[in-house]
1. Taking H as built 1.01 Å from N, whose amide H comes closer than 5 Å to the amide H of Tyr492, not counting residues under 5 places away?
2. Express the Stokes-Einstein translational diffusion coefficient of the range 337-388 in µm² s⁻¹, to the nearest whole number, given a Kirkwood radius over alpha-carbon pairs, 4 °C and a viscosity of 1.567 mPa s.
3. Largest first, how would Arg463, Arg500 line up by accessible area (1.4 Å probe)?
4. What FRET efficiency would be calculated for the residue pair Ala447, Ser260, taking the C-beta separation as r and a Förster radius of 22 Å, to the nearest 0.05?
5. At 0.36 nm per residue, and after removing the present C-alpha to C-alpha distance, how many nm does the segment from Asn470 to Ser352 gain when stretched out fully?
6. What would the Debye equation give as log₁₀ I(q)/I(0) for the chain at q = 0.05, 0.08, 0.13 Å⁻¹, counting only Cα atoms as equal point scatterers?
7. Along the charge dipole of the chain, Cβ charges K/R +1 and D/E -1, which of Ala390, Gly82, Met62 sits furthest on the positive end?
8. Non-local amide H neighbours of Thr468 (under 5 Å, H modeled in plane, Pro and chain starts lacking H): which ones?
Amino acid sequence: MTTFSKIAEYSAKHPKPADKTFAYGTAGFRTLGDTLDSTVFRVGLLAALRSQSKEGKTIGVMITASHNHERDNGVKLVDPMGEMLQQSWEGYCSEIANASDEQVADILGSIAKAEAVDLSVTPRVVYARDTRPSGPALQAALEDGLAALNADATNYGIVTTPQLHYFVRCLNTAGTPATYGEPSVSGYNHKYGQAYLRLVNGKPHPSPLFIDAANGVGAPQVRSLAAAINSPYFNIKVFNSDTETLGKLNMDCGADYVKSNQRQPPSMELQPDRRYCSFDGDADRIVYYYADAHGAFRLLDGDKISTLIATYLRDLVVTAGIDDLQVGVVQTAYANGSSTSYIKDTLQLPTSFSKTGVKYLHHEAEKMNIGVYFEANGHGTVLFNTGAVAKLQQATPQSPAQADAIERLWALRDLINESVGDAMSDMLLVETILICKGWSLSQWDAAYSDLPSRLLKVVVNDRTIFNTTNAEQTLTSPKGLQEHVDVLVKKYPKGRSFVRPSGTEDAVRVYAEAATRADCDQLAYSVAGAVFDKAGGRGDRPSEFL
Ligand code: 16G
Ligand code: MG
(Lines give C-alpha, C1' and ligand atoms only; values in the text may rest on other atoms or scores of the structure.)
(Ligands and ions follow the chains in the order given, each with its own letter.)
Protein backbone atom coordinates (compact mmCIF):
# COMPACT_ATOMS: atom_id res chain seq x y z
CA MET A 1 0.00 0.00 0.00
CA THR A 2 1.43 3.34 -0.99
CA THR A 3 1.06 6.09 1.52
CA PHE A 4 1.95 9.68 0.91
CA SER A 5 3.43 10.04 4.40
CA LYS A 6 7.04 10.37 3.25
CA ILE A 7 6.37 12.96 0.58
CA ALA A 8 6.56 16.03 2.80
CA GLU A 9 9.93 15.04 4.21
CA TYR A 10 11.41 14.28 0.79
CA SER A 11 9.78 17.29 -0.84
CA ALA A 12 11.49 19.60 1.65
CA LYS A 13 14.83 18.41 0.23
CA HIS A 14 13.72 19.44 -3.28
CA PRO A 15 12.24 22.91 -2.95
CA LYS A 16 10.67 24.48 -5.99
CA PRO A 17 12.37 27.70 -7.16
CA ALA A 18 9.79 30.35 -6.30
CA ASP A 19 10.23 32.39 -9.46
CA LYS A 20 9.89 29.53 -11.96
CA THR A 21 6.94 28.05 -13.82
CA PHE A 22 7.36 24.69 -15.53
CA ALA A 23 5.37 23.28 -18.44
CA TYR A 24 5.29 19.74 -19.80
CA GLY A 25 5.76 20.63 -23.48
CA THR A 26 6.13 18.77 -26.76
CA ALA A 27 8.89 16.56 -25.41
CA GLY A 28 8.40 16.78 -21.63
CA PHE A 29 9.95 19.37 -19.34
CA ARG A 30 12.96 21.09 -20.80
CA THR A 31 14.87 24.07 -19.44
CA LEU A 32 18.11 24.99 -17.63
CA GLY A 33 19.32 21.83 -15.91
CA ASP A 34 20.08 23.51 -12.62
CA THR A 35 16.47 24.65 -12.16
CA LEU A 36 14.91 21.21 -12.59
CA ASP A 37 15.60 19.50 -9.25
CA SER A 38 12.09 19.87 -7.80
CA THR A 39 10.47 19.06 -11.13
CA VAL A 40 12.39 15.82 -11.59
CA PHE A 41 11.68 14.79 -7.99
CA ARG A 42 7.98 15.32 -8.61
CA VAL A 43 8.10 13.49 -11.93
CA GLY A 44 9.36 10.54 -9.87
CA LEU A 45 6.22 10.71 -7.75
CA LEU A 46 3.97 11.00 -10.78
CA ALA A 47 5.74 8.16 -12.63
CA ALA A 48 5.02 5.89 -9.66
CA LEU A 49 1.37 6.96 -9.63
CA ARG A 50 1.11 6.49 -13.40
CA SER A 51 2.40 2.93 -12.98
CA GLN A 52 -0.22 2.27 -10.31
CA SER A 53 -2.90 3.68 -12.61
CA LYS A 54 -1.76 1.10 -15.19
CA GLU A 55 -2.05 -1.86 -12.78
CA GLY A 56 1.66 -1.81 -11.98
CA LYS A 57 2.91 -1.82 -15.55
CA THR A 58 6.39 -0.36 -15.89
CA ILE A 59 6.66 3.35 -16.67
CA GLY A 60 9.86 4.93 -18.01
CA VAL A 61 11.52 8.21 -17.08
CA MET A 62 14.19 9.69 -19.34
CA ILE A 63 16.40 12.56 -18.24
CA THR A 64 17.63 14.34 -21.36
CA ALA A 65 17.46 17.59 -23.29
CA SER A 66 18.17 15.97 -26.64
CA HIS A 67 19.82 18.34 -29.13
CA ASN A 68 19.69 21.33 -26.80
CA HIS A 69 22.68 23.04 -25.19
CA GLU A 70 24.59 21.10 -22.57
CA ARG A 71 23.45 23.43 -19.76
CA ASP A 72 19.82 22.46 -20.45
CA ASN A 73 18.22 19.31 -19.26
CA GLY A 74 14.78 17.78 -19.30
CA VAL A 75 12.64 14.88 -18.26
CA LYS A 76 9.86 12.94 -19.89
CA LEU A 77 7.68 9.97 -19.09
CA VAL A 78 7.31 6.84 -21.21
CA ASP A 79 4.01 4.92 -21.20
CA PRO A 80 3.74 1.10 -21.03
CA MET A 81 4.07 0.27 -24.73
CA GLY A 82 7.11 2.53 -24.98
CA GLU A 83 5.11 5.42 -26.35
CA MET A 84 5.01 9.01 -25.13
CA LEU A 85 2.97 9.79 -22.03
CA GLN A 86 -0.78 9.91 -22.68
CA GLN A 87 -1.68 13.54 -23.27
CA SER A 88 -4.32 13.74 -20.56
CA TRP A 89 -1.56 13.21 -17.97
CA GLU A 90 0.63 16.02 -19.28
CA GLY A 91 -1.52 18.51 -17.41
CA TYR A 92 -0.91 16.61 -14.15
CA CYS A 93 2.83 16.85 -14.78
CA SER A 94 2.66 20.62 -15.10
CA GLU A 95 0.28 20.87 -12.15
CA ILE A 96 2.51 18.97 -9.75
CA ALA A 97 5.68 20.66 -11.03
CA ASN A 98 4.22 24.07 -10.18
CA ALA A 99 2.72 23.20 -6.79
CA SER A 100 4.20 24.78 -3.68
CA ASP A 101 6.38 22.39 -1.66
CA GLU A 102 3.63 21.92 0.93
CA GLN A 103 0.94 21.16 -1.66
CA VAL A 104 2.73 18.30 -3.42
CA ALA A 105 1.19 15.43 -1.43
CA ASP A 106 -2.32 16.89 -1.64
CA ILE A 107 -2.08 17.38 -5.38
CA LEU A 108 -0.79 13.87 -5.90
CA GLY A 109 -3.72 12.67 -3.81
CA SER A 110 -6.21 14.57 -5.90
CA ILE A 111 -4.72 13.15 -9.12
CA ALA A 112 -4.92 9.65 -7.62
CA LYS A 113 -8.57 10.29 -6.81
CA ALA A 114 -9.44 11.75 -10.20
CA GLU A 115 -7.86 8.76 -11.93
CA ALA A 116 -9.24 6.24 -9.42
CA VAL A 117 -5.71 4.91 -8.84
CA ASP A 118 -5.43 1.73 -6.79
CA LEU A 119 -2.73 2.69 -4.28
CA SER A 120 -2.25 -0.91 -3.16
CA VAL A 121 -0.47 -1.70 -6.45
CA THR A 122 3.36 -1.73 -6.36
CA PRO A 123 4.64 1.00 -8.72
CA ARG A 124 7.31 -0.07 -11.21
CA VAL A 125 9.52 2.53 -12.86
CA VAL A 126 12.69 2.32 -14.96
CA TYR A 127 14.83 5.33 -15.66
CA ALA A 128 17.92 6.46 -17.54
CA ARG A 129 19.76 9.60 -18.54
CA ASP A 130 22.00 11.01 -21.23
CA THR A 131 25.56 12.32 -20.74
CA ARG A 132 24.74 15.83 -19.50
CA PRO A 133 26.69 17.15 -16.49
CA SER A 134 23.46 17.92 -14.61
CA GLY A 135 22.26 14.32 -15.11
CA PRO A 136 23.59 12.67 -11.93
CA ALA A 137 22.04 15.27 -9.58
CA LEU A 138 18.70 15.10 -11.37
CA GLN A 139 18.81 11.33 -11.26
CA ALA A 140 19.26 11.53 -7.48
CA ALA A 141 16.19 13.81 -7.27
CA LEU A 142 14.20 11.32 -9.32
CA GLU A 143 15.32 8.47 -7.06
CA ASP A 144 14.03 10.42 -4.04
CA GLY A 145 10.64 10.78 -5.71
CA LEU A 146 10.52 7.07 -6.43
CA ALA A 147 11.67 6.19 -2.91
CA ALA A 148 9.01 8.44 -1.38
CA LEU A 149 6.37 6.19 -2.95
CA ASN A 150 8.28 2.91 -2.39
CA ALA A 151 8.46 2.27 -6.11
CA ASP A 152 10.20 -0.79 -7.46
CA ALA A 153 12.73 1.23 -9.47
CA THR A 154 15.52 0.21 -11.86
CA ASN A 155 18.31 2.43 -13.11
CA TYR A 156 19.27 1.72 -16.74
CA GLY A 157 22.23 4.08 -16.59
CA ILE A 158 23.37 6.14 -19.56
CA VAL A 159 21.45 5.03 -22.66
CA THR A 160 19.78 6.67 -25.64
CA THR A 161 16.18 7.87 -25.32
CA PRO A 162 14.88 5.24 -27.78
CA GLN A 163 16.70 2.50 -25.88
CA LEU A 164 14.75 3.42 -22.74
CA HIS A 165 11.49 3.36 -24.74
CA TYR A 166 12.50 -0.07 -26.02
CA PHE A 167 13.20 -1.38 -22.48
CA VAL A 168 9.79 -0.21 -21.27
CA ARG A 169 8.04 -1.99 -24.13
CA CYS A 170 10.07 -5.17 -23.55
CA LEU A 171 9.28 -5.21 -19.84
CA ASN A 172 5.54 -4.78 -20.34
CA THR A 173 5.21 -7.31 -23.14
CA ALA A 174 7.40 -10.06 -21.66
CA GLY A 175 5.58 -13.38 -21.71
CA THR A 176 2.78 -12.10 -23.98
CA PRO A 177 2.27 -12.69 -27.72
CA ALA A 178 3.53 -9.13 -28.28
CA THR A 179 6.88 -9.91 -26.61
CA TYR A 180 9.40 -7.39 -27.89
CA GLY A 181 12.88 -8.45 -26.77
CA GLU A 182 15.28 -8.59 -23.84
CA PRO A 183 15.12 -5.40 -21.74
CA SER A 184 18.84 -4.67 -21.76
CA VAL A 185 21.42 -2.98 -23.99
CA SER A 186 22.69 -6.38 -25.08
CA GLY A 187 19.09 -7.45 -25.80
CA TYR A 188 18.61 -4.31 -27.89
CA ASN A 189 21.86 -4.91 -29.79
CA HIS A 190 20.94 -8.54 -30.33
CA LYS A 191 17.42 -7.86 -31.59
CA TYR A 192 18.31 -5.10 -34.06
CA GLY A 193 21.69 -6.55 -35.01
CA GLN A 194 20.29 -9.97 -35.86
CA ALA A 195 17.37 -8.56 -37.86
CA TYR A 196 19.87 -6.44 -39.80
CA LEU A 197 22.13 -9.38 -40.61
CA ARG A 198 19.13 -11.47 -41.69
CA LEU A 199 18.21 -8.76 -44.19
CA VAL A 200 21.65 -8.01 -45.66
CA ASN A 201 23.32 -11.40 -45.61
CA GLY A 202 24.63 -12.46 -49.00
CA LYS A 203 24.63 -8.91 -50.43
CA PRO A 204 27.83 -6.93 -51.13
CA HIS A 205 29.42 -5.23 -48.13
CA PRO A 206 28.80 -1.47 -47.79
CA SER A 207 31.54 1.16 -47.61
CA PRO A 208 32.26 2.57 -44.13
CA LEU A 209 29.71 4.88 -42.54
CA PHE A 210 31.14 7.97 -40.80
CA ILE A 211 28.93 8.76 -37.81
CA ASP A 212 28.82 12.11 -35.99
CA ALA A 213 27.52 11.16 -32.54
CA ALA A 214 27.08 14.79 -31.34
CA ASN A 215 29.49 14.07 -28.45
CA GLY A 216 26.56 12.37 -26.76
CA VAL A 217 25.26 9.03 -25.57
CA GLY A 218 24.94 7.76 -29.14
CA ALA A 219 28.74 7.43 -29.30
CA PRO A 220 29.25 4.63 -26.75
CA GLN A 221 25.96 3.00 -27.69
CA VAL A 222 26.61 2.80 -31.43
CA ARG A 223 30.06 1.38 -30.71
CA SER A 224 28.46 -1.24 -28.51
CA LEU A 225 25.96 -2.03 -31.28
CA ALA A 226 28.81 -2.40 -33.78
CA ALA A 227 30.70 -4.72 -31.43
CA ALA A 228 27.58 -6.88 -31.11
CA ILE A 229 26.95 -6.99 -34.87
CA ASN A 230 30.64 -7.65 -35.46
CA SER A 231 30.40 -7.91 -39.22
CA PRO A 232 31.76 -6.16 -42.33
CA TYR A 233 28.12 -5.33 -43.02
CA PHE A 234 28.38 -2.71 -40.28
CA ASN A 235 31.66 -0.91 -40.70
CA ILE A 236 31.49 2.41 -38.86
CA LYS A 237 33.81 5.22 -37.86
CA VAL A 238 32.51 7.29 -34.98
CA PHE A 239 33.31 11.02 -34.77
CA ASN A 240 32.33 13.58 -32.17
CA SER A 241 32.36 10.93 -29.49
CA ASP A 242 33.79 12.97 -26.60
CA THR A 243 31.25 12.63 -23.81
CA GLU A 244 33.75 13.65 -21.11
CA THR A 245 34.88 17.17 -22.01
CA LEU A 246 32.50 19.84 -20.75
CA GLY A 247 30.89 22.02 -23.39
CA LYS A 248 31.13 19.58 -26.28
CA LEU A 249 27.70 17.94 -26.31
CA ASN A 250 25.80 19.09 -29.44
CA MET A 251 28.29 21.92 -29.88
CA ASP A 252 28.72 22.58 -33.63
CA CYS A 253 27.79 19.00 -34.35
CA GLY A 254 24.88 16.58 -34.33
CA ALA A 255 21.75 16.15 -36.46
CA ASP A 256 20.17 19.45 -35.43
CA TYR A 257 23.30 21.42 -36.32
CA VAL A 258 23.59 19.69 -39.69
CA LYS A 259 19.92 20.12 -40.58
CA SER A 260 19.68 23.74 -39.39
CA ASN A 261 22.94 24.91 -40.94
CA GLN A 262 22.76 22.70 -44.02
CA ARG A 263 26.40 21.76 -43.62
CA GLN A 264 28.59 19.12 -42.03
CA PRO A 265 30.05 19.76 -38.57
CA PRO A 266 33.25 21.82 -38.90
CA SER A 267 35.06 18.98 -37.11
CA MET A 268 34.40 16.65 -40.04
CA GLU A 269 36.03 16.95 -43.42
CA LEU A 270 33.70 15.87 -46.25
CA GLN A 271 35.33 13.62 -48.78
CA PRO A 272 33.66 12.54 -52.01
CA ASP A 273 32.45 8.95 -52.06
CA ARG A 274 32.27 8.80 -48.29
CA ARG A 275 29.00 8.27 -46.44
CA TYR A 276 28.12 10.33 -43.39
CA CYS A 277 25.33 10.58 -40.84
CA SER A 278 24.68 12.57 -37.66
CA PHE A 279 22.74 11.65 -34.52
CA ASP A 280 21.42 14.21 -32.06
CA GLY A 281 22.45 14.32 -28.38
CA ASP A 282 20.10 11.54 -27.23
CA ALA A 283 20.18 9.59 -30.53
CA ASP A 284 16.54 9.75 -31.50
CA ARG A 285 17.22 11.72 -34.70
CA ILE A 286 19.38 10.94 -37.69
CA VAL A 287 20.25 12.67 -40.97
CA TYR A 288 22.61 11.44 -43.72
CA TYR A 289 24.83 13.52 -46.00
CA TYR A 290 27.64 13.41 -48.54
CA ALA A 291 29.65 15.60 -50.91
CA ASP A 292 28.49 15.57 -54.53
CA ALA A 293 30.80 15.39 -57.56
CA HIS A 294 31.55 19.13 -57.16
CA GLY A 295 32.31 18.76 -53.48
CA ALA A 296 29.04 20.44 -52.45
CA PHE A 297 27.29 19.33 -49.27
CA ARG A 298 24.11 17.32 -49.90
CA LEU A 299 21.68 16.56 -47.09
CA LEU A 300 19.45 13.49 -46.87
CA ASP A 301 17.04 14.54 -44.14
CA GLY A 302 13.98 12.96 -42.53
CA ASP A 303 11.92 13.47 -45.70
CA LYS A 304 14.50 11.67 -47.81
CA ILE A 305 14.67 8.88 -45.22
CA SER A 306 10.90 8.45 -45.12
CA THR A 307 10.57 8.37 -48.91
CA LEU A 308 13.38 5.79 -49.14
CA ILE A 309 11.69 3.59 -46.55
CA ALA A 310 8.19 4.04 -47.97
CA THR A 311 9.37 3.14 -51.48
CA TYR A 312 11.09 0.01 -50.23
CA LEU A 313 8.11 -1.12 -48.15
CA ARG A 314 5.65 -0.40 -50.95
CA ASP A 315 7.70 -2.48 -53.41
CA LEU A 316 7.95 -5.37 -50.95
CA VAL A 317 4.20 -5.32 -50.32
CA VAL A 318 3.58 -5.43 -54.08
CA THR A 319 6.06 -8.31 -54.51
CA ALA A 320 4.51 -10.13 -51.55
CA GLY A 321 1.18 -10.00 -53.36
CA ILE A 322 -0.74 -8.96 -50.25
CA ASP A 323 -3.90 -7.09 -51.18
CA ASP A 324 -5.08 -4.07 -49.26
CA LEU A 325 -1.91 -3.69 -47.22
CA GLN A 326 -1.54 0.06 -47.46
CA VAL A 327 1.73 1.88 -46.85
CA GLY A 328 1.23 5.54 -45.94
CA VAL A 329 3.45 8.45 -44.93
CA VAL A 330 2.93 11.01 -42.18
CA GLN A 331 4.72 14.34 -42.43
CA THR A 332 4.58 17.73 -40.77
CA ALA A 333 4.34 21.16 -42.32
CA TYR A 334 8.15 21.25 -42.35
CA ALA A 335 8.30 18.48 -44.95
CA ASN A 336 9.82 19.80 -48.13
CA GLY A 337 7.11 20.33 -50.77
CA SER A 338 9.10 18.24 -53.25
CA SER A 339 8.97 15.25 -50.91
CA THR A 340 5.20 15.54 -50.53
CA SER A 341 4.69 15.75 -54.31
CA TYR A 342 7.01 12.78 -54.78
CA ILE A 343 5.06 10.65 -52.30
CA LYS A 344 1.70 11.59 -53.79
CA ASP A 345 2.48 11.77 -57.50
CA THR A 346 5.36 9.36 -58.06
CA LEU A 347 4.95 6.80 -55.29
CA GLN A 348 1.16 7.26 -55.30
CA LEU A 349 0.99 6.66 -51.58
CA PRO A 350 -1.38 8.37 -49.17
CA THR A 351 0.13 11.12 -47.04
CA SER A 352 -1.22 12.85 -44.04
CA PHE A 353 -0.05 15.83 -42.04
CA SER A 354 0.19 16.20 -38.31
CA LYS A 355 1.32 18.85 -35.88
CA THR A 356 5.03 19.04 -35.05
CA GLY A 357 6.15 16.67 -32.27
CA VAL A 358 6.65 12.94 -32.38
CA LYS A 359 3.57 12.03 -30.38
CA TYR A 360 1.30 13.65 -32.98
CA LEU A 361 2.95 11.91 -35.92
CA HIS A 362 2.90 8.61 -34.06
CA HIS A 363 -0.86 8.75 -33.48
CA GLU A 364 -1.50 9.64 -37.11
CA ALA A 365 0.70 6.75 -38.31
CA GLU A 366 -1.20 4.29 -36.09
CA LYS A 367 -4.21 4.85 -38.35
CA MET A 368 -2.37 3.38 -41.34
CA ASN A 369 -1.60 -0.32 -42.03
CA ILE A 370 2.08 0.45 -42.35
CA GLY A 371 2.64 4.06 -41.32
CA VAL A 372 5.99 5.65 -42.07
CA TYR A 373 6.38 8.86 -40.10
CA PHE A 374 9.27 11.29 -40.10
CA GLU A 375 9.87 14.90 -39.24
CA ALA A 376 12.17 16.66 -41.68
CA ASN A 377 14.65 17.00 -38.79
CA GLY A 378 15.27 13.25 -38.86
CA HIS A 379 12.98 12.00 -36.11
CA GLY A 380 10.72 9.12 -37.09
CA THR A 381 9.99 5.45 -37.44
CA VAL A 382 7.55 2.96 -38.98
CA LEU A 383 4.50 1.40 -37.35
CA PHE A 384 2.78 -1.83 -38.37
CA ASN A 385 -0.76 -1.73 -37.02
CA THR A 386 -2.70 -4.81 -35.95
CA GLY A 387 -4.39 -4.96 -39.37
CA ALA A 388 -0.98 -5.14 -41.07
CA VAL A 389 0.26 -7.85 -38.72
CA ALA A 390 -2.90 -9.91 -39.34
CA LYS A 391 -2.50 -9.56 -43.11
CA LEU A 392 1.13 -10.65 -42.92
CA GLN A 393 0.16 -13.64 -40.79
CA GLN A 394 -2.57 -14.69 -43.20
CA ALA A 395 -0.48 -14.24 -46.33
CA THR A 396 0.05 -17.51 -48.23
CA PRO A 397 2.93 -17.13 -50.67
CA GLN A 398 2.36 -18.45 -54.18
CA SER A 399 6.00 -18.26 -55.25
CA PRO A 400 9.51 -18.12 -53.74
CA ALA A 401 9.60 -14.39 -54.55
CA GLN A 402 6.42 -13.82 -52.56
CA ALA A 403 7.73 -15.93 -49.67
CA ASP A 404 10.96 -13.94 -49.63
CA ALA A 405 9.12 -10.60 -49.64
CA ILE A 406 6.91 -11.70 -46.73
CA GLU A 407 9.95 -12.90 -44.78
CA ARG A 408 11.67 -9.57 -45.43
CA LEU A 409 8.65 -7.63 -44.20
CA TRP A 410 8.75 -9.60 -40.93
CA ALA A 411 12.49 -9.03 -40.61
CA LEU A 412 12.01 -5.31 -41.26
CA ARG A 413 9.46 -5.17 -38.51
CA ASP A 414 12.06 -6.66 -36.16
CA LEU A 415 14.60 -4.07 -37.33
CA ILE A 416 12.36 -1.14 -36.56
CA ASN A 417 11.93 0.38 -33.10
CA GLU A 418 8.17 0.80 -33.17
CA SER A 419 8.03 2.51 -29.80
CA VAL A 420 9.64 5.75 -31.00
CA GLY A 421 11.99 7.24 -33.61
CA ASP A 422 15.44 5.80 -33.05
CA ALA A 423 18.64 6.98 -34.78
CA MET A 424 20.37 3.61 -34.49
CA SER A 425 17.45 1.49 -35.65
CA ASP A 426 16.68 3.98 -38.45
CA MET A 427 20.33 3.87 -39.48
CA LEU A 428 20.25 0.06 -39.75
CA LEU A 429 17.05 0.33 -41.78
CA VAL A 430 18.57 2.86 -44.21
CA GLU A 431 21.75 0.77 -44.47
CA THR A 432 19.64 -2.33 -45.22
CA ILE A 433 17.76 -0.61 -48.03
CA LEU A 434 20.91 0.89 -49.56
CA ILE A 435 22.72 -2.47 -49.40
CA CYS A 436 19.75 -4.33 -50.91
CA LYS A 437 19.39 -1.80 -53.71
CA GLY A 438 23.15 -1.45 -54.16
CA TRP A 439 22.74 2.32 -53.91
CA SER A 440 25.18 5.11 -53.08
CA LEU A 441 23.91 8.16 -51.22
CA SER A 442 23.76 10.13 -54.48
CA GLN A 443 21.61 7.43 -56.08
CA TRP A 444 19.27 7.66 -53.11
CA ASP A 445 19.31 11.45 -53.37
CA ALA A 446 18.32 11.35 -57.06
CA ALA A 447 14.65 10.47 -56.36
CA TYR A 448 13.66 14.15 -56.13
CA SER A 449 15.27 17.56 -55.55
CA ASP A 450 14.41 19.55 -52.46
CA LEU A 451 13.01 23.03 -52.93
CA PRO A 452 15.22 25.64 -51.25
CA SER A 453 13.86 26.23 -47.75
CA ARG A 454 14.57 28.48 -44.79
CA LEU A 455 13.56 28.42 -41.16
CA LEU A 456 13.63 31.64 -39.13
CA LYS A 457 12.87 32.47 -35.53
CA VAL A 458 11.06 35.62 -34.44
CA VAL A 459 10.99 36.64 -30.78
CA VAL A 460 7.68 38.27 -29.88
CA ASN A 461 6.11 39.73 -26.75
CA ASP A 462 3.58 36.95 -26.39
CA ARG A 463 3.70 33.81 -28.48
CA THR A 464 0.43 32.53 -27.00
CA ILE A 465 -1.48 34.91 -29.30
CA PHE A 466 -0.41 32.66 -32.19
CA ASN A 467 -2.92 29.92 -32.86
CA THR A 468 -2.95 27.55 -35.81
CA THR A 469 -5.09 24.99 -37.57
CA ASN A 470 -4.61 22.61 -40.52
CA ALA A 471 -1.62 20.81 -38.94
CA GLU A 472 -0.06 24.16 -38.04
CA GLN A 473 -0.05 25.36 -41.64
CA THR A 474 -2.64 28.12 -41.17
CA LEU A 475 -2.82 30.82 -38.51
CA THR A 476 -6.21 31.51 -36.95
CA SER A 477 -4.78 34.39 -34.90
CA PRO A 478 -3.44 37.09 -34.69
CA LYS A 479 -6.24 38.36 -36.87
CA GLY A 480 -5.30 39.21 -40.44
CA LEU A 481 -1.77 37.81 -40.31
CA GLN A 482 -2.55 34.64 -42.30
CA GLU A 483 -4.16 36.70 -45.07
CA HIS A 484 -0.99 38.77 -45.20
CA VAL A 485 1.18 35.65 -45.43
CA ASP A 486 -1.05 34.33 -48.24
CA VAL A 487 -0.50 37.50 -50.26
CA LEU A 488 3.28 37.24 -49.85
CA VAL A 489 3.35 33.51 -50.74
CA LYS A 490 1.45 34.12 -54.00
CA LYS A 491 4.29 36.26 -55.33
CA TYR A 492 6.74 33.34 -55.55
CA PRO A 493 6.65 30.29 -57.85
CA LYS A 494 6.24 27.15 -55.73
CA GLY A 495 6.11 29.43 -52.69
CA ARG A 496 4.90 28.05 -49.36
CA SER A 497 5.24 29.53 -45.91
CA PHE A 498 3.75 29.05 -42.46
CA VAL A 499 4.06 30.56 -39.01
CA ARG A 500 3.75 28.57 -35.78
CA PRO A 501 4.55 29.17 -32.12
CA SER A 502 7.41 26.98 -30.90
CA GLY A 503 6.49 24.24 -28.45
CA THR A 504 9.94 24.25 -26.86
CA GLU A 505 11.20 27.84 -26.93
CA ASP A 506 9.78 31.28 -26.29
CA ALA A 507 9.67 32.20 -29.98
CA VAL A 508 7.65 31.96 -33.17
CA ARG A 509 8.98 29.94 -36.11
CA VAL A 510 8.67 30.99 -39.75
CA TYR A 511 9.21 28.42 -42.50
CA ALA A 512 9.37 29.23 -46.21
CA GLU A 513 10.23 27.44 -49.40
CA ALA A 514 10.17 28.51 -53.06
CA ALA A 515 11.56 27.55 -56.45
CA THR A 516 14.85 29.42 -56.05
CA ARG A 517 17.12 30.19 -53.10
CA ALA A 518 16.71 33.95 -53.60
CA ASP A 519 12.90 33.74 -53.73
CA CYS A 520 12.82 31.45 -50.72
CA ASP A 521 14.94 33.79 -48.62
CA GLN A 522 12.92 36.83 -49.65
CA LEU A 523 9.71 35.07 -48.79
CA ALA A 524 11.03 33.86 -45.42
CA TYR A 525 12.27 37.32 -44.42
CA SER A 526 9.16 39.12 -45.61
CA VAL A 527 6.90 36.76 -43.64
CA ALA A 528 9.16 37.06 -40.59
CA GLY A 529 9.06 40.85 -40.99
CA ALA A 530 5.26 40.79 -41.11
CA VAL A 531 5.14 38.69 -37.93
CA PHE A 532 7.52 41.09 -36.25
CA ASP A 533 5.55 44.21 -37.29
CA LYS A 534 2.03 42.93 -36.73
CA ALA A 535 2.46 40.71 -33.69
CA GLY A 536 4.74 42.44 -31.23
CA GLY A 537 8.25 41.57 -32.40
CA ARG A 538 11.06 42.08 -29.88
CA GLY A 539 14.72 42.90 -30.49
CA ASP A 540 16.01 43.23 -34.05
CA ARG A 541 13.60 43.04 -36.97
CA PRO A 542 14.48 40.00 -39.13
CA SER A 543 15.92 41.63 -42.24
CA GLU A 544 19.07 39.98 -43.45
CA PHE A 545 18.11 40.04 -47.11
CA LEU A 546 15.61 42.88 -47.43
C1 16G B 1 10.69 18.54 -29.83
C2 16G B 1 10.13 17.33 -30.52
C3 16G B 1 10.51 17.33 -31.98
C4 16G B 1 10.04 18.62 -32.64
C5 16G B 1 10.55 19.82 -31.88
C6 16G B 1 9.88 21.09 -32.39
C7 16G B 1 9.83 15.12 -29.61
C8 16G B 1 10.47 13.94 -28.95
N9 16G B 1 10.64 16.12 -29.91
O10 16G B 1 12.08 18.53 -29.84
O11 16G B 1 9.91 16.23 -32.57
O12 16G B 1 10.49 18.69 -33.96
O13 16G B 1 10.21 19.69 -30.51
O14 16G B 1 10.32 22.16 -31.65
O15 16G B 1 8.63 15.14 -29.83
P16 16G B 1 9.60 23.58 -31.73
O17 16G B 1 8.15 23.38 -31.33
O18 16G B 1 10.38 24.42 -30.80
O19 16G B 1 9.72 24.04 -33.14
MG1 MG C 1 16.54 14.00 -29.55
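The values are calculated or read from the model by the stated rules, or taken from the named source; none is laboratory data. Note that the structure is predicted; figures quoted are calculated from it, not measured. Please note: Cβ atoms are built from the backbone with ideal geometry, for glycine as well, and neighbour counts cover all protein chains shown. Side chains included, ligands, DNA and RNA excluded: accessible areas come from the protein's heavy atoms. Shrake-Rupley method; radii C 1.70, N 1.55, O 1.52, S 1.80 Å.
1. Answer set, sorted by chain and number: none.
2. Numbers: Rh = 11.5 Å.
Estimated via Stokes-Einstein, D reaches 113 µm²/s.
3. On the way: Arg463 60, Arg500 15 Å².
My answer, sorted largest first, is Arg463, Arg500.
4. Working: r = 23 Å, r/R0 = 1.05.
Approximately 0.45, to the nearest 0.05.
5. Numbers: separation 118, 0.36 × 118 = 42.48 nm, distance 1.09 nm.
41.4 nm is the gain from fully extending Asn470 to Ser352.
6. -0.20, -0.53, -1.39
7. Sorting the options by dipole projection puts first Ala390.
8. The answer is Thr476.
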